[in-house]
């Protein structure tokens, strides 16, 4: 079966995200936050992201992870297109960054720091049941996730309708092990 090109998928998902109401986003984000709490353990490291625009998730999700006693790292974009990391300590520590992102102002940690995480929450426009993730196309995560611990759970955070049967895949794409959706919670993906 031939799937739609990535550009068509991106356009479609972004249009659907723009159509969601603030109330729908709040309900979805609350559900994601509740599910994410169970992913973290005291003393563990979790890599996550600071959501922007219509991305699923919220700062409440990051705060909930911190309140479990986990160390929460979020990515920093770097000129060489490999993600660096910094510890998320709360909203007051975030500053404006490139690409409309917000990043912590704390110490910059090397890309290989992702290897310390047992759980990596990855932003995605969609993910398929094989673990193929559709990102925004810049490749930051695909150039970084190969550094993750092989036993880490790589979790694409998407809305329920963004977990699909099949997406186009490129040879450099790093597959996810799980999806986290508001309605379905954590779902294991087939590799």
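The values are calculated or read from the model by the stated rules, or taken from the named source; none is laboratory data. Bear in mind that the values here come from a model prediction, so they are computed numbers and not experimental data. Because the Cβ atoms are built from the backbone with ideal geometry, glycine has one as well, and the counts that use them run over all protein chains shown.
Observations
- Every residue from region 88-117 that is in a loop (DSSP other than H, G, I, E, B) and in contact with a strand residue (DSSP E or B) (Cβ under 7 Å, 6 or more places away or on another chain): 88, 89, 97, 105, 106, 107, 108, 110, 117
- For residue 149, the conditions (1) under 16 Å from the mean Cα position of the chain (by Cα); (2) closer than 22 Å to residue 76 by Cβ all hold with the exception of (1).
- Considering only residues in region 55-87 that are more than 18 Å from the chain's Cα centre (by Cα) and at negative phi, the one that is surrounded by the most Cβ atoms within 10 Å (Cβ to Cβ) turns out to be 68.
- Residues in region 1-26 that are over 26 Å from residue 168 (Cβ atoms) and either surrounded by fewer than 14 Cβ atoms within 10 Å (Cβ to Cβ) or modelled with pLDDT under 90 (or both): 21, 22, 23, 24, 26.
- Some residue of region 124-135 being surrounded by 19 or more Cβ atoms within 10 Å (Cβ to Cβ), in a loop (DSSP other than H, G, I, E, B) and without any contact (Cβ under 8 Å) to a residue 40 or more places away in the chain: yes
- Only residues that are part of a loop (DSSP other than H, G, I, E, B), in contact with a helix residue (DSSP H, G or I) (Cβ under 6 Å, 6 or more places away or on another chain) and buried (at least 16 other Cβ atoms within 10 Å of the Cβ) were counted in region 160-191, giving 3.
- Pairing residues of region 88-116 that are on the phi > 0 side of the Ramachandran plot and touching a residue at least 24 places away in the same chain (Cβ under 8 Å) with residues that are buried (at least 16 other Cβ atoms within 10 Å of the Cβ) and in a helix (DSSP H, G or I), at Cβ distances under 8 Å and at least 6 apart in sequence or on separate chains, gives 90/66.
- Residue check, residue 138 under 21 Å from residue 65 (Cβ atoms) and either surrounded by fewer than 17 Cβ atoms within 10 Å (Cβ to Cβ) or under 15 Å from the mean Cα position of the chain (by Cα) (or both): no
- Screening the candidates 125, 121, 134 for the property of being touching a helix residue (DSSP H, G or I) at 6+ places or on another chain (Cβ under 6 Å) and at pLDDT 95 or above yields one hit, 125.
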